[in-house]
Structures are given as C-alpha cells and as structure tokens.
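Please treat every number below as a calculation from the coordinates, not as lab data. None of the values given here were measured: they were computed from a predicted structure. Heads up, the Cβs are rebuilt from the backbone with ideal geometry, glycines too, and the neighbour counts pull from every protein chain shown.
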Amino acid sequence: AQSVTQLDSQVPVFEEAPVELRCNYSSSVSVYLFWYVQYPNQGLQLLLKYLSGSTLVKGINGFEAEFNKSQTSFHLRKPSVHISDTAEYFCAVGERDDKIIFGKGTRLHILP
Amino acid sequence: GAVVSQHPSWVICKSGTSVKIECRSLDFQATTMFWYRQFPKQSLMLMATSNEGSKATYEQGVEKDKFLINHASLTLSTLTVTSAHPEDSSFYICSARVWASGHYNEQFFGPGTRLTVL
C-alpha cells in the first residue's frame, strides 16, 4: 500500500530565505508524485508533478522538487520565499489510473 | 487548463436536513470524479470514487447511505449529505479526471464546499 509522510507539520521561514518541505513516500510499484498548495478556504492547486523522466521537476511560483528513488523522497524547494507563499502544502502519491494518497500537509509560515 | 467548479461554495444547514453539493467539469468530460473530505488543519481523505453511469465506490468507513453520490453525466457529479449532523461539518472537495489510454490521467480539483451543520 502506498503512503506519504510529510516530516514537518509546520515550517517557519523568513521572507526571501530558501525553504525545503520534506516528503517521503512508500510504494511497491512505480509512482507518480505531486505537490499541491492550498490557500486558506480554497481548493487545491497543483504546484508540480513527477510522472517520469528528469528527476528535477520545476513547477509554478518558482518551486521545484527532486525525485530521489533510492531515498523514496520528493522534497519541495524554493530558493527565496515570499509572503504570498504562506499556505498549506500537500505531498501526494498516485498510481496510474488510481486514487491519490495525500500526506498530512505542511503549513508554511513566512516571517517578515 | 481544466476547470472544475463546485456549488455551493459554502452552506449552513440545520441538523437533520439534507444538503446537495455539485461538482462540475467546465471544459472537459470527466469519466471519473472523486470526493474528498477535509477536517480543519488536516489532510484530504478520499470518500468515494464515482464513474459516470455507474455506482460510486466508497472508501472503507464511509457510509454510502449517508453520503449519496450521483454521477449522471460526464460533467456533473453530486454529493448529498443526508440527515446531516454537526459531525458532518467539514470542507468537501471534488476532483475530476478524464481518462485517456497511454497517458497519466491527472485529477483536477474543485475549490471546495464548506458545510456547517448547526
């Protein structure tokens, strides 16, 4: 069975500083990996996804993530955060044509 | 990109009443729609998967008689919370997927519906 672990429930970071949100997954088969962002009282927006190919995936809003198969990780990074990045971030794993399993989320707090 | 809408965006109802939430794919035909529930400060939990024209498949622990799902067309799925109680208060999010052979079939998420049962 698939599972997703987001190691940090909250991450405070100063504005313009870099950030990394950690995600580890477990799966017995090849997977697809996602990062979603949720702003308060809103639905989910896809930041980026890994389906195949290059292990470094670039997404919207300056975010990127690296798929590391040996460490079963898919950490999300941004070199310089902005106050508008304050949100909840969800890592997720899915199999082809199957349901998506979400991690518990990481709340990113941007400090002025 | 593909757009999914939900209606209403928020609803308040009295305990014991039923509430219907609509999920529409606006610019594509969705063979499959998913319904999720999100409690405050928690993750999304899949409730059920509905395929157009067939019965929904519910996840373990989800009462199918409590949460009625209908997927009558390729652009519309509805979730009806029957005899709602305060513990049903939550944020309900749907997603829609179009199936294409040989491709990964991405889910597109709606904006969510906040249900408050008094």
Among the candidates B:Ala48, B:Ala56, which residue alone is buried (at least 20 other Cβ atoms within 10 Å of the Cβ) and closer than 22 Å to A:Leu44 by Cα?
B:Ala48
Can you confirm whether region B:92-100 contains a residue that is over 12 Å from the mean Cα position of the chain (by Cα), under 17 Å from A:Ile101 (Cβ atoms) and either away from chain A (no Cβ under 12 Å) or part of a strand (DSSP E or B) (or both)?
yes
Does B:Lys64 count as of a type in the set (Lys, Arg), in contact with a strand residue (DSSP E or B) (Cβ under 8 Å, 6 or more places away or on another chain) and either more than 14 Å from chain A (Cβ to nearest Cβ) or in contact (Cβ under 8 Å) with a residue 40 or more places away in the chain (or both)?
yes
(1) surrounded by fewer than 16 Cβ atoms within 10 Å (Cβ to Cβ); (2) among the basic types (Lys, Arg); (3) closer than 24 Å to B:Gly112 by Cα: which one isn't true of A:Lys49, the others all being true?
(1)
Sole exception among (1) more than 13 Å from the chain's Cα centre (by Cα); (2) in a strand (DSSP E or B); (3) within 18 Å of A:Ile101 (Cβ to Cβ) for A:Val37, by number:
(1)
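Can you pull out the strands (runs of 3 or more DSSP E) entirely within region B:2-42 that have at least 1 residues that are more than 14 Å from B:Pro86 (Cα to Cα) and aromatic (Phe, Trp, Tyr)?
Details: elements: B:4-7, B:10-13, B:19-25, B:32-38.
Qualifying strands (runs of 3 or more DSSP E): B:10-13, B:32-38.
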Taking only region A:23-41 into account, find how many residues are out of contact with any Ser or Thr (no Cβ under 6 Å at 6 or more places or on another chain) and surrounded by 17 or more Cβ atoms within 10 Å (Cβ to Cβ).
10
If you take the residues in region A:60-97 that are buried (at least 18 other Cβ atoms within 10 Å of the Cβ) and within 18 Å of B:Ser95 (Cβ to Cβ), which one is nearest to the other protein chains (Cβ to nearest Cβ)?
A:Phe90
Which of the residues that make up region A:69-109 are small (Gly, Ala, Ser) and part of a strand (DSSP E or B)?
A:Ser73, A:Ala87, A:Ala92, A:Gly94
Conditions (1) more than 27 Å from B:Trp35 (Cβ to Cβ); (2) touching a residue at least 40 places away in the same chain (Cβ under 8 Å); (3) of a type in the set (A, V, I, L, M); (4) in contact with a Lys or Arg (Cβ under 9 Å, 6 or more places away or on another chain) -> A:Val57 fails only (2)
Count, please, the residues in region A:1-25 that happen to be closer than 11 Å to A:Gly94 by Cα and part of a strand (DSSP E or B).
3
Of the residues in region B:1-50 that are of a type in the set (Lys, Arg) and more than 26 Å from A:Val93 (Cα to Cα), the one that is nearest to the other protein chains (Cβ to nearest Cβ) is B:Lys20
